[in-house]
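Take a look at the structure set out below.
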Amino acid sequence: IRRQDIFSVASAPDGSLLAGTTGRGIFRTTDSGYRWNRMTGAGIPYYFYAFCNSGERIFAGTEKGLFASDDNGVTWSLLTADLNPGTGDLPVYGVLRDTAGDLFIGTGAGIFNSRDDGATWNPAGLGASTIRGLALTNDNVLYAATGSEGIFSSSDGGNQWTPKGLIRSDIQTVAVSGAGHVFVGVYSGIYLSTDAGLTWTQKNFTYGHVHSLLFNGSFNVYAASSSGLYVSSDGGERWAFAGLSGRFVVALAYDGFHRMVAGIYKGGVAQTSGIITGISDGPGLPSSPSLAQNYPNPFNPATTIDYAVPALSHVTLRVYDLLGRVAGTLVSGRVPPGSYRATWNGGEHPSGVYFYAITIVPGDAGGSAAPAGPWTQIRKMLLVK
């Protein structure tokens, strides 16, 4: 799917990955992207704008309305036909489920909600607006990004909406961090409100249009832009390049292993090889590479290994037995700056001493080497059964 117009990405309940396009429907992979299959069932839409993974069911906002899949994205059924009698073609651009289990969809004619998993729908405000995106805080406050009327919020499930300003016609996405800060992606960068939308500050982001935002803890935020992927570890004040140089990144999500998945316009889907955790959930990316002692140690059968990458690098993390044979490859690929956690399960290996080694080679997304050379470290661990 390298040449597809990817617009949305998600992990299905079974861990398979879904890639929604603008014009070619939806693609699915069950082997981490090695092979992709286009889903061609009857009635499947051509435009997939947004996903919401909810337990055993996944929802998708499309040009024909809200669809749901109960088989991990293989087949889809329309849930919103009654919202536009005769055609059912009410486009849905955003979808989320709140902490009470209610579904909310942002459409071309305002917001609707459902308390019965999409069987019936009720108007939930902003009926004269096109809704470009929805976001939810930890305390169940809804934010809606409109096509030209700015940002609105509701603290009562959509019964009343309060205008929050930022009236623009180029808003692409709205997202809320764990700290409750509201981020808005626009054509000229990023706006941030730390006071629930009372005031807005344009951040120093000069890397193009921002179409998607993804959080890792309260302070770390990734921005999908028209020039690549960028990361801030101080709540949006400063930004660093994180990979996919020159790519038009339009969608971000985590898979079932908390690895980042990126949808690229006419560029397919990219995925980090390391698990993004939140170990450094505070200001500042790692200033130097590191490899921690595994925990627990001794262990049976699984143990975790934490490591830090200060800049975009090619990272290899492998486990070896006493004879130097590879017992497992945990990471092998390009990893953006950050702190990560890998897990090794020795259930199929005998008791004994094992070694794990990491090599971090700094370099840009195109593979050119940075001035610093490779960094390598080896540690020992003990598997006891």
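The values are calculated or read from the model by the stated rules, or taken from the named source; none is laboratory data. For clarity, every value in this text was computed on a predicted model and none was experimentally measured. Cβ coordinates were reconstructed from backbone atoms using ideal geometry, including for glycine residues, and neighbour counts include every protein chain displayed. Side chains are part of the model used for accessible areas, which takes the heavy atoms of the whole protein and leaves out ligands, DNA and RNA. Shrake-Rupley method; radii C 1.70, N 1.55, O 1.52, S 1.80 Å.
Points worth noting:
- Split the accessible area of region 293-385 by element, probe 1.4 Å, and carbon with sulfur accounts for 56%.
- Fully extended contour minus Cα-Cα distance, from V74 to R115, at 0.36 nm per residue: 12.3 nm
- Legend: calculated FRET efficiency, D31 to Q160, from the Cβ-Cβ distance at R0 = 51 Å, rounded to 0.05, equals 0.60.
- What a 1.4 Å probe finds exposed on region 59-142 is 48% carbon and sulfur by accessible area, rounded to a whole percent.
- Residues A357 and N140, FRET efficiency given R0 of 45 Å [Cβ-Cβ distance, rounded to 0.05]: 0.45
- Local net charge near K164, Cβ-Cβ under 13 Å (Lys/Arg +1, Asp/Glu -1): -1
- Of the accessible area of region 156-221, computed with a 1.4 Å probe over protein heavy atoms only, carbon and sulfur atoms account for 47 percent.
- Along the axis of the charge dipole computed for the chain (Cβ charges of +1 for Lys and Arg, -1 for Asp and Glu, origin at the Cα centre), the listed residues F67, I131, Y46 are led at the positive end by Y46.
- Rounded accessible area per residue of the chain, 1.4 Å, Å²: 43 Å²
- Here the extension length gained between S148 and Y46 equals 34.2 nm, from 0.36 nm per residue of separation less the Cα-Cα distance.
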